[in-house]
Amino acid sequence: MSVTVATAPPESPVDIASLVAGYGAAPGTYDELIAPDNSIRPQWRRVLGAFGAMSAADRTQARETARRLLQENGVTYVAQEDVERRSRPWQLDLFPLIISQAEWRALEVGLIQRARLLNAILGDLYGPQRLLKEGALPPALVFGNPEFLRACHGLAVPNDVHLHFLAFDLGRLEGGQWVILGDRTHAPSGAGYALENRIVASRCLPDLFGLDNVQRLAGFFRAFSENFLQLARRDEPLAVVLSPGPTKANYFEHAYLARYLGYPVVEGFDLTVRDDRLYLKTVEGLKPVDLVLRRLESELCDPLELRTDSFYGVPGLVQAAREGQVAIANALGSGLVENEALVSFMPDLCRFLLGEDLRIPGIPTWWCGRLAARNHVLASLERMVVRKAFTPRSITGPAQDTFVGPLLAQADREKLALHIMRQGYAYIGQDVVSLSTTPVWRDGNGLRPGAMTIRVYLAATADGYRVMPGGMARVATSTDARGHWHEPTDLSKDTWVLSDGPVEHRSMFTQGHHAVRLRRGGRDLPSRSADNLFWFGRYAERCEGAVRLMRSLVTRLAGEATPSARPVTLDRLVSLLVMQEHLSQRRAKRAIDGGIRAVESEMWTILFDPEISDGLARILSNVRRTAELVRELLSADTWQIIKEMSEVSDTWKLTPGQEVGDALHLLNRLIQHLAALNGMVMENMTRGYGWRFLDMGRRLERVRHATKLARDLTVRGDPESDGALDLLLELADSSMTYRTRYRAAPVLAAVLDLLLADESNPRSTMFQLGAIEDHLSTLHQAQGEEVLSPAQRAIIGLRADVRLADMMQLSDPGAKGSARVNLERLLRRTEKGCFDLSDLIGSTYFSHSTLQRVFGPHWTEAAEAAA
């Protein structure tokens, strides 16, 4: 979108006055935009002037573009309190939060100090524990905290850095003073969303973004990644992002951040520990992992030494870290210092460990484990926020066990007081604060104030801690700013930190004049990703086969809706639906007994009812579900095709009297989407291991589908006269090829030769088996093996079976009325061979129950003996 800026100076008071008319900053609250004398703060004037010069149409277009980009990119989150774990669309207010460079510099100094302090606290508590021995911290705050991992005590960390990537939640009070609302040291979320906010905002408001010298974010992530990679012991380290998986709340961010940094995103069962060394399971065997960027809770990382009920961790990971074989960021147990009960101790801890006064305070906090603090909280309960001391909070929702004193009924307040008196160590009290407000772009193109917090990120670099020049602001949609938590319906904002001079446009990646090592192919493919790509290919092909079958059946149903319809043809149509598991035997019998109208009714149910388990909507959801598991490996265009395809049936409705036309239109659209998807796979995917497994899945499923169709349509009866061969050619997309080659009505032997044995036909069984054999040969050669693998032997046997088949003999019905036994045997052998081959591929490349092969400098005799 091109934004038109008025010729008047950006500071034009007319533009600004019209924009902030009726803004209504709350009295007694610090407002980021309006100063106490009702003037516009200087850092906002240029952006306000340019924004005011935009037409209403341009603003609306910018807003719609932002919504579209977030939807196309699939930016979602799962709210903490949502028990159904539903993905919600990410809410972005395009109008940014503006912070001047002078103010940001002062914040940076205080935030870096706090990062150093928290790192020093962790170093002491997991080391000599001077803070406990000298009485600077009560032992109950450490040993009573479930985040203190005893297995990690004494565990050395590289360069004494526990916190490689952390965040702070900030708010501004009435007098303009910044305060820390929360320390995020465990595995701070939101950085990926902040990146996405910046990309969307800069694309939708390019002229506004270019007006001021807005500091860029890439340099921050580059400095972090360079320092992180230097922690490894070898020149070409392997770093991974450890995630709990796609079913968890922030997986979008995990995959997004992994793509941005260039690290593979993995789950616990993608990794294994052998001889105190962490390995990634890849299709080539086990690859040593040097660095882990942890997005998983510490206690879930190792079921051997931490939580034994964890299904997400890697047994032996703690021991690998203890031996110095892997660096983990953040270090295990880092969530210990997120405890809000530490806030009241921070000034003294800062002087004790750093010899400095604390620069940025926290909200006044009282830990009820101390008598004086407990009495103060009980006496002030009606004007305090009370929380459980050891309950984590999320950026996308309030913490559990949070009690807002002013909102509690008297009976509830008395009940809470009783709990505090009994278990004071488990509670903290905090003053209720009024946070600053910032402009929010409301519908109608006006600006209104909203209560604001901002999450700011820091990373350990070669030069010490560095602050990301920006952050993710969250704005409360309600006008009640008495608490500093946010509801899931609140808005996020991009944060623009201005620069007094020109901004260097730095890339996340190494500049071109640096020496590079040329590489081809992608062999570091995790086995889980290969497995998911394989099944994504199978589901995509299964979807195409189902859609082609349904389109052919709808066409024939429409043509047979006359009194002359032959029951045998109707039986065959229904049997095809049963064969492809779109119809149960009971429903099929009921449909046949009811005649053509009953079959049509079942067909419309399969196509348009999203609730049935064997319908079109379920097939499409399987494609999307498997695609989501490998989304980080798919291009943006490929993902958009999958997303649109999966949503086609959701918006399609039947028009009374136009059922056939609606169904054909729907199915034709799906065929077009599937053709586009196949085109993206064949023309745009690099011919690496990922593409090979995806393509093998597609071709294996095509063989399975084709043999089932051929068995149902050709083994019995007279397919040359009942229309079965025409249907079979149509389903195999080979009608035109047959007509061009034979210029005659379909003959069984010729059809079988074209669809089974003709290697020049890209839809034939031999063509699919040949492609699979090529893939398996390439994978096998890359492993340096000379003896054929079991999967290769299986595919060679399948190809030989089909190639040696005599099509004339297979088409001979034998005794009158009997089945074509030889044809049926061949088709059943081929179908069973596909199932066996799928299992062999899985056991060879997707499973690492035993050590198969270890690559890299850490290969040892012990590992070789174990192999």
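The values are calculated or read from the model by the stated rules, or taken from the named source; none is laboratory data. These numbers were taken from a predicted model, which means no experiment stands behind them. Here Cβ is always computed from backbone atoms with ideal geometry, including for glycine, and neighbour counts include all displayed protein chains. Surface accessibility is based on the protein's heavy atoms, side chains included, excluding ligands, DNA and RNA. Shrake-Rupley method; radii C 1.70, N 1.55, O 1.52, S 1.80 Å.
Mind putting a number on the dipole of the chain about its Cα centre? Charges go on the C-beta only, +1 for Lys and Arg and -1 for Asp and Glu, and I need it in Debye to the nearest 20.
Its charge dipole is roughly 640 debye.
Measure out, as a whole number of angstrom, how far apart the alpha-carbon centroids of the range 92-166 and the range 331-348 sit.
That distance is 7 Å.
Run the dipole for the range 535-685 about the Cα centre, Lys and Arg Cβ at +1, Asp and Glu Cβ at -1, nothing else charged, and hand back the magnitude in debye, nearest 20.
420 debye
State whether the range 131-268 is rounded, prolate or oblate according to the following rule on the C-alpha gyration tensor (a ≥ b ≥ c being the square roots of its eigenvalues): a/c under 1.5 gives rounded; otherwise a/b larger than b/c gives prolate, and the remaining case gives oblate.
The shape class here is oblate.
Normalising by the residue count of the chain, find the relative contact order in percent from Cα pairs under 8 Å and 6+ residues apart.
14 percent
Give me the angle, in degrees from 0 to 90, between the Cα long axis of helix 659-684 and the longest principal axis of the Cα atoms of the chain, rounded to the nearest 10.
70 degrees
Give me the accessible area per residue for the range 687-851, probe 1.4 Å, as a whole number in Å².
Result: 44 Å² of accessible area for each residue.
If you count only protein heavy atoms with a 1.4 Å probe, what accessible area per residue comes out for the range 364-430, rounded to a whole Å²?
49 Å²
Leaving out same-chain residues fewer than 8 places away, which lysines sit with a Cα under 27 Å from that of Lys388?
Candidates past the 8-residue exclusion: Lys133, Lys248, Lys415.
Leaving out ligands, DNA and RNA, and with a 1.4 Å probe, what % of the accessible surface on the chain is carbon or sulfur?
Here carbon and sulfur together make up 51 percent of the probe-accessible area.
Please compute the contact order of the range 687-851 in relative form: average sequence separation of alpha-carbon pairs under 8 Å and at least six residues apart, divided by the residue count, as a percent.
It rounds to 28 percent for the range 687-851.
Would you please classify the overall shape of the chain from the alpha carbon gyration tensor, given that a ≥ b ≥ c denote the square roots of the eigenvalues, rounded means a/c under 1.5, and beyond that prolate means a/b larger than b/c while oblate covers the rest?
prolate
How much mean residue ellipticity at 222 nm does the chain get from its helices, if each DSSP H run of length 4 or more adds -39500 (n - 2.57) and you divide by all residues, to the nearest 500 deg cm²/dmol?
Value at 222 nm, helices only, nearest 500: -14000 deg cm²/dmol.
Per residue, how large is the accessible surface of the range 535-685? Use a 1.4 angstrom probe and give square angstrom.
Per residue, the range 535-685 has 45 Å² of solvent-accessible surface.
Averaging sequence separations of C-alpha pairs under 8 Å and six or more residues apart, then dividing by the length of the range 105-226, give the relative contact order as a whole percent.
That works out to 16 percent.
Shape of the range 364-430 from its Cα gyration tensor (a ≥ b ≥ c, root eigenvalues): rounded if a/c is under 1.5, otherwise prolate when a/b > b/c, or oblate?
Because a/c hits 1.5 or more and a/b fails to exceed b/c, the range 364-430 counts as oblate.
Could you size up the charge dipole of the range 364-430 around its Cα centre, putting +1 on the beta carbon of Lys and Arg and -1 on that of Asp and Glu, and report it in debye to the nearest 20?
160 debye
Give the Rg/Rh ratio for the range 188-251, taking Rg as the radius of gyration of the Cα atoms and Rh as the Kirkwood radius, to two decimals.
1.09
What is the distance in Å between the Cα centres of the range 718-745 and the range 607-643?
Value for the Cα centre distance between the two parts: 31 Å.
Got a sec? What order do Lys643, Lys415 fall in by accessible area at 1.4 Å, biggest, i.e. largest, first?
Result of the area sort, largest leading: Lys415, Lys643.
If r is the Cβ-Cβ distance from Gln585 to Lys832 and R0 is 22 Å, what FRET efficiency results, to the nearest 0.05?
The computed FRET efficiency comes out at 0.50.
Find which of Ser734, Ser243, Gly501 sits farthest along the positive direction of the dipole of the chain, computed with +1 on the beta-carbon of Lys and Arg, -1 on that of Asp and Glu, about the Cα centre.
Farthest towards the positive pole: Ser734.
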